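To start, the structure under review is shown below, and the notes come after it.
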Amino acid sequence: MSLRFYDTSARQVRDFTPLHEGCASLYLCGATVQAPPHIGHIRSGVNFDILRRWLTYHGLDVTLCRNVTDIDDKIIRVAATEGVPWWVVSERNQRAFTSAYDTLGCLPPTVEPRATGHVPEMIELMRRLIDRGHAYPAADDSGDVYFDVRSYADYGALSNQRLDQMRAAGDADGDSAKRDPRDFALWKGARPGEPSWATPWGRGRPGWHLECSAMATAYLGETFDIHGGGLDLVFPHHENEIAQSRAAGDGFARYWLHNGLLTMGGEKMSKSLGNSLLIPEMVRKVRPVELRYYLGQAHYRSVIDYSDEALREAAAAYQRIEGFLVRASEVVGPVDPAPRVPEPFAAALDDDLGVAQALAVVHGHVREGNTALGDGRKERVAELAAQARAMTAVLGIDPLSEEWSDRDDSGLRDVVDALVAVALEQRQAARARKDYAAADGIRDRLAAAGVAVEDTPRGPRWELRRG
């Protein structure tokens, strides 16, 4: 296998060799569900969905575990502000995240565990750490349990930091109960009015870092292939996951992959900045598949600075692919995806998931295919279209797939198609009687409604435009 990925822990591109032949295990840090998702959240889902599809293309049986943090300080604060139970906030936003992933064509995870469903595994992990001398319950009997960072010699290796240069963890009300201010909370003692679970050290709730280690190993084993997430999670979240897991004796993740952030005006997209762009709003600007194209087109480790103009350019680029495949199917009949993708496309994705270079191969096929259409070379058109379908299927953006036709305009495509067909028949009749003003008027009204009409040698064809 020729796959290579940039491993954050090694700070270099490494050949990927699965732990178990024929299988790949992937843990992806999912949502903390205190609010509905914006496109910055969902970029990670798209990037790792492409990774999963590519691993599957290589013949690997992929197990994807994507967690849900359904209890957290932020969730509790939102619930208090709204005057509702914490689980109302979690459940509502969990559904919003699931809807967003589905809308953008992300395959469902193999398993999607929630933090609150894995408290026994967390208690067991804390017990192992305490027994090994890497964790301790707070001396004030508050119920807090902390990880002793000085007990783990490699603390800071993932983020390439030295312990003596780190600031306090800042995850507790004061650090008086800690041996060291940089020790982080595995478990937070119960507070009045907040949810809590019983442990041998007192009632409380999970610390953010503990839950991921417990859930990852519960479903993927003590050692697994890939741990993924956003670049902003490297420290402290992923650093702490490594420390507590390996200190407990687990091998944990063998490769660490991190996607870059999506910014707006150079700032990280977040609710606190007031610049979040929610998925339902975005799919009113462009179709879901066009938004997926936009989020997935750049290298996964790069920063994307959002703009409406860049979104429109991405939509137009996708429409060029779609236009070729639709025209090709009209000329040569049904086009099935080729059994294998072209070698340059495969080489691009094998090299640290180079989607931008892979898309350049797709667009090269589209340009050559349009030329072949103009020249009437049907056999070449069919070949290029089949290869284009195979490539776009790997990226999850195949315009001719049921995956996207089923989502197209909330099931209204057939109704719109019938209405547009009537209008086009009227336009053709007007042209036949040389009433060009009436024909142009029909076309202009369709354009105003977002229906773009193209006259071809085989008659008029149309498509919806947005934005």
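The values are calculated or read from the model by the stated rules, or taken from the named source; none is laboratory data. Bear in mind the structure is a predicted one, so any value in this text is a computation, not a measurement. Counting neighbours? That spans all protein chains shown, and the Cβs are built from the backbone with ideal geometry, glycine included.
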Test: ARG167 is surrounded by fewer than 18 Cβ atoms within 10 Å (Cβ to Cβ), more than 30 Å from GLY45 (Cβ to Cβ) and touching a residue at least 60 places away in the same chain (Cβ under 8 Å): no
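Give TYR146, TYR155 a once-over and let me know the one that is touching a residue at least 60 places away in the same chain (Cβ under 8 Å) and under 30 Å from ASP7 (Cβ atoms). If you could, list the steps in order and put the result at the bottom.
Values: TYR146 fails: touching a residue at least 60 places away in the same chain (Cβ under 8 Å).
TYR155 is the lone residue from the list that is touching a residue at least 60 places away in the same chain (Cβ under 8 Å) and under 30 Å from ASP7 (Cβ atoms).
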Restricting the range 61-106 to residues that are in contact with a Gly (Cβ under 8 Å, 6 or more places away or on another chain) and not in a helix (DSSP H, G or I), the residue that is nearest to SER25 (Cα to Cα): ASP61
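For the range 127-143, enumerate the residues that are touching a residue at least 24 places away in the same chain (Cβ under 8 Å), of a type in the set (A, V, I, L, M) and either closer than 17 Å to PRO206 by Cα or not in a loop (DSSP other than H, G, I, E, B) (or both). Step through it out loud before you land on a result.
If we filter the range 127-143 for residues that are touching a residue at least 24 places away in the same chain (Cβ under 8 Å), which is where we start, we get 127-129, 132, 134-143.
Of the ones still in play, those that are also of a type in the set (A, V, I, L, M) are 129, 135, 138-139.
Those that are touching a residue at least 24 places away in the same chain (Cβ under 8 Å), of a type in the set (A, V, I, L, M) and either closer than 17 Å to PRO206 by Cα or not in a loop (DSSP other than H, G, I, E, B) (or both): LEU129, ALA135, ALA138.
Take the conditions in a loop (DSSP other than H, G, I, E, B), at pLDDT 95 or above, within 33 Å of the chain's Cα centre (by Cα) and of a type outside the set (Gly, Ala, Ser) and apply them to TYR155. Does it pass?
Numbers: in a loop (DSSP other than H, G, I, E, B): yes; at pLDDT 95 or above: yes; within 33 Å of the chain's Cα centre (by Cα): yes; of a type outside the set (Gly, Ala, Ser): yes.
When the stated conditions are applied, TYR155 passes them.
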Filter result (assigned to a strand (DSSP E or B), in contact (Cβ under 8 Å) with a residue 40 or more places away in the chain and out of contact with any Ser or Thr (no Cβ under 6 Å at 6 or more places or on another chain)) within the range 212-267: THR223, ILE226, HIS227, GLY228, GLY229, ALA253, ARG254, TYR255, LEU257, LEU262, THR263, MET264
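Checking the conditions here, which among GLU403, GLU379 is under 28 Å from TYR101 (Cβ atoms), surrounded by fewer than 17 Cβ atoms within 10 Å (Cβ to Cβ) and either of a type outside the set (Phe, Trp, Tyr) or modelled with pLDDT under 95 (or both)?
On the way: GLU379 fails: under 28 Å from TYR101 (Cβ atoms).
None of the other options fit; the residue is GLU403.
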Members of the range 107-126 that are within 11 Å of the chain's Cα centre (by Cα) and either outside any loop (DSSP other than H, G, I, E, B) or not assigned by TED's automatic domain parsing to the domain that holds LEU55 (or both): none
Residues located in the range 199-211, provided they are outside any strand (DSSP E or B) and more than 14 Å from HIS237 (Cα to Cα): THR199, PRO200, TRP201, GLY202, ARG203
